[in-house]
Every structure is written in structure tokens, then in C-alpha cells.
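**Student:** Have a look at the structure that comes next, please.
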Amino acid sequence: LWDFARRKVVWSKDEDESDPITTVAFTDGDLVAYGTAGGRLTVADAKERTVAYHRNFPNGIQSLAFSPQGLWMAIGDRAGHLSVVPFESGVWDLKASRQWPAHQGRVYATKITPDGFRLFSGGDDGRIVLWEPFINAANKVVSLARDGVDVIPLEDGTFVVGAYGSVRLF
């Protein structure tokens, strides 16, 4: 973590260099999460500068997103699965977590809508999918000619997709 005003590192956590960090996400509050190619998810309290949680995912982690207010997290893995894990009152509710196949290949992007109720994913299969995450239902699918590498949901229900070589508004 950087203090940009002072231009210095205020906290760092060294990880195994043989298992590279593939994604980082922040909550509206004080949590930061990062995932590795080997599947290690770490959640840290940025204010306290302590690691709060570790969990391993067998298919590696490609993308992460926190919902508004950090009430749940979406995880996209390197095998095409999406997972959602509720996080309330400082406790991960692993019994209520869900996982389902979402894409053929890596899930490059996971973004939660501003209302916190839906989830976009962009995958190696060139599809962008809008999900109702707690029932695993796909509401909208957009197929692209290229991998969807990032999705940005907008307040008005439209979304921006960044793909190799293009940016599109839907």
C-alpha cells in the first residue's frame, strides 16, 4: 500500500515469487484482496495492515471484485468458474458460498454492478455475461470476437467492455 501524498510504501506483504499475484481488489472500506495464479486468496485489513483471511482455490485466481460495502466477493478462476462468497460482520460465510461454470477458459474480468445485486464476467471464450450471482442465472450474454478483458458497469445499466484491440459500450 502506498501513501501517495508522502510517496512511500506504508505496508507490503511479500509473497512467494513462484506463485505470481494475478489480481487485486479493494472494498469501499479498508479491505484489500489479492489472488495468485496458484489459487491463494488473501484478504488484508489495509487500515490495520494485517492479513485477515486466506483461502485456496484449486483452479487458480484470475479476477476478483468486492460488492459495494464489501458484503460479498466475486472470484473468477483460471478454469472458467465463478464463485461468490458472502462476507458479513467480519466473517466469511463459506457455507453460503457458491461456485458454477461460467466460461470456457479463464475469467478475465469480474465486476459487480453499482447496486450490488448483479455480476458481470468476461471470459477467454469471448463472452461477457451478466449474472444474478446468488442463483447462478445468466441474464444477458454478449459475444465478442475477442477475449473480454475488462467490464465496467455504469449507473444507467449500460456497460463498457475492453477487449483486445477495442472498447465498446453496450
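The values are calculated or read from the model by the stated rules, or taken from the named source; none is laboratory data. Note that the coordinates shown come from a computational prediction; the quantities given were computed from them, not determined experimentally. A quick note on method: Cβ atoms are made from the backbone with ideal geometry, for glycine too, and the neighbour counts reach across all protein chains shown. Please note that ligands, DNA and RNA were not included when accessible areas were found on the heavy atoms of the full protein model with its side chains. Shrake-Rupley method; radii C 1.70, N 1.55, O 1.52, S 1.80 Å.
**Student:** Does the stretch 111-144 hold any residues that are in a loop (DSSP other than H, G, I, E, B) and hydroxyl-bearing (Ser, Thr, Tyr), and which are they?
**Tutor:** 113
**Student:** Consider the stretch 33-64. How many of its residues are open to solvent by 10 Å² or more (accessible area, probe 1.4 Å) and either within 21 Å of residue 100 (Cβ to Cβ) or not aromatic (Phe, Trp, Tyr) (or both)?
**Tutor:** 19
**Student:** Restricting the first residue to the stretch 90-110 and requiring it to be surrounded by fewer than 23 Cβ atoms within 10 Å (Cβ to Cβ), which pairs with a second residue that is modelled with pLDDT of 90 or more and in a helix (DSSP H, G or I) meet a Cβ separation below 8 Å and a spacing of at least six or different chains?
**Tutor:** So the pair list comes out empty.
**Student:** Give just the number: which of (1) modelled with pLDDT under 90; (2) surrounded by fewer than 21 Cβ atoms within 10 Å (Cβ to Cβ) does residue 148 not satisfy?
**Tutor:** Among (1) modelled with pLDDT under 90; (2) surrounded by fewer than 21 Cβ atoms within 10 Å (Cβ to Cβ), residue 148 violates only (2).
**Student:** Shifting gears a bit: I'm checking my understanding of the structure. Among residues of the stretch 17-61 that are part of a loop (DSSP other than H, G, I, E, B) and of a type in the set (A, V, I, L, M, F, W, C), which one is nearest to residue 84 (Cα to Cα)?
**Tutor:** Ranking the candidates gives 57 first.
**Student:** Another question, if that's okay. Going residue by residue through the stretch 49-64, is there one that turns out to be touching a residue at least 24 places away in the same chain (Cβ under 8 Å) and over 24 Å from residue 20 (Cα atoms)?
**Tutor:** No, that holds for no residue.
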